[in-house]
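Asks: Supplied in C-alpha cells, the structure appears directly below.
The values are calculated or read from the model by the stated rules, or taken from the named source; none is laboratory data. Predicted, not measured: the structure shown is a model, and the values here were computed from it. Cβ coordinates were reconstructed from backbone atoms using ideal geometry, including for glycine residues, and neighbour counts include every protein chain displayed. SASA here: full protein model, heavy atoms, side chains in, ligands and nucleic acids out. Shrake-Rupley method; radii C 1.70, N 1.55, O 1.52, S 1.80 Å.
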Amino acid sequence: MHQTLWERSAAHYNYVKLKCRAHATGWKVSSHMVRTFLKYMSHLIDILVTGVEQRVSARTPMLSRGQDMSDYNKSEFFERPELFYDRGMTLPQVALNKERVKGGIRIFDYEFPSETQSGRQGNDTVTGRIFEARALHGGAGAPSLILMHGWREWGVHTPYHWLLAWILARCGISCILMTQPYHGSRKAPGTADGDLMLSGDMQQTVRAFRQSVCDVRSLITWSRARYTGPVGVGGFSLGGFITNIVACTDSRIDFAIPIIAGGDLIDGMWDSRVGRTIIRDFNAAGVTQETAAAGWRIITPSSFTPRLTPDRMHFIAGLYDLLIPASNVEQITRQWNVTRITWLPCGHISIAFFARRMIISIIGFVRSVCGEPEPASEPAHVSSPRN
C-alpha cells in the first residue's frame, strides 16, 4: 500500500523527533558525566591538598587554656558589633614604599602599626601591597577593593593573590592586599602561617579575628582619605569570613565579595576536612561542638546583620567544596536575603581552574554597583613614606 504525502511527512516527523530525543538524552548523560567528573576531581584535590598541607605545616597542638568566653560574647556586641570590633576609625600612619610599574599598573608595598596590639613580635605591623587602577580607568576615583587571602597562606606573597589584584587593577578596580594576622611577614617566630590565627585556643582565635577586622577598618579609613571612589572588601575562605564580619560592623563600605566563605564558622569546620587539626585540639581540651559554637559566636558572621543592603553583597562559591560546603553558603545567603551568588562547578582549592569566570563575575558585580569610572587623575607618586 502506497503512503500518502501526509503519511510520509508524518512518519518523517516522528523519525526526526525520536532522533532529537535520542541526542538530547545523550547530551543529558554527557552533562551528568561532566558534573560527576568535576565533583570527583574537586573532592580529590581538596582532600589531597588539605592532607599535604596538614602534614607539611606540622602544627603544634593549640589547646584552650580557658573556656570562659563570656567577656567576648556580651549581648550588646551582637546588637552593635562595632563595640567589640572597636578599632580602625583613626587614620593610620601608612608608609608607602618600593613603588614600581608593571604592565602600566602602579604597585607599592605599605605598612602601618596595628591599632590592635597583640604583643607578639612581627604581628603588630600590618603589611600589604597596593595595585592602583590607571587614570584611563578612573585613577583615584576608581573603586577600591581591600582583598584578603585565606588561612595558612603566605600573605601578600601568595601568587594567586597578587596576580588577581594586578588583573583587577588592569580592569579598573584598585586592589589593596592585606596580610592577615600571623601570616607571611606577620607570622610569629617558631610558628607556621596561620597557626595563631585559627586554632584550638578559643581565646587566641577570637583575639586574632578581632585584630584582623580592626586592621581592615583601618584600611577603610585610609582608603577613604586617599581615594575618592567607592571602597569594598573581599576575601578568600578565611578572608571571606573576615569580609562578612566587616560587612556587619562597618557601614562605610560600598560592597562586599566573600569568596568560598560561609556564615557558620564552627558548623563548616566541624564537618569538613579543614578543621581536622583544630577539632583534634578541641577534643584534647574537652571542648565540645556546642561549647565551641557558643564561644565563637562573636567571630561567626551569622550572628550579625550586614550594614549593606543585600544587592551590594556578592558571594562566589564552589558547588563541590568540601571545606566550606554549599549548604553553609546557602544558609547565610538566605538569612541575609542575598541573591547575588556565583556558583562555580569546583571545590575549595580547584576554584583556581575557574579563575576567568570568577574574575568576570567580580568585575561585572563591581561595575553594576559602582558604575563605570570616568578617566581621572592618578594619586600622587610616592617619593617617601607618607600618611
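Asks: Which shape class applies to the stretch 181-294: rounded if a/c is under 1.5, otherwise prolate when a/b exceeds b/c and oblate if not, where a ≥ b ≥ c are the square roots of the Cα gyration tensor eigenvalues?
Replies: On the way: a/c = 2.48, a/b = 1.75, b/c = 1.41.
The shape class here is prolate.
Asks: Moving on. How many angstrom lie between the Cα centre of the stretch 68-103 and the Cα centre of the stretch 284-324?
Replies: 18 Å
Asks: Measure off, as a whole percent, the carbon and sulfur share of the 1.4 Å-probe accessible area of the stretch 303-347, all protein chains present.
Replies: Details: 900 of 1860 Å².
The nonpolar share, carbon plus sulfur, comes to 48 percent.
Asks: Shape call for the stretch 256-346 from the C-alpha gyration tensor, a ≥ b ≥ c root eigenvalues: rounded (a/c under 1.5), prolate (a/b greater than b/c) or oblate? Write down the numbers at each step before the final one.
Replies: Details: a/c = 3.18, a/b = 1.57, b/c = 2.03.
Oblate, since a/c reaches 1.5 and b/c is not below a/b.
Asks: Still on this model: May I ask which of 39/102; 102/187; 98/187 have a Cα-Cα span longer than 32 Å here?
Replies: Numbers: 39/102 37 Å; 102/187 28 Å; 98/187 22 Å.
Correct reply: 39/102.
Asks: What distance in nm separates the two pseudo spin-label positions at residue 283 and residue 163, each 7 Å out from Cα along the beta-carbon direction?
Replies: 3.7 nm
Asks: How many angstrom lie between the Cα centre of the stretch 105-148 and the Cα centre of the stretch 151-214?
Replies: Computed from Cα coordinates, the inter-centre distance equals 12 Å.
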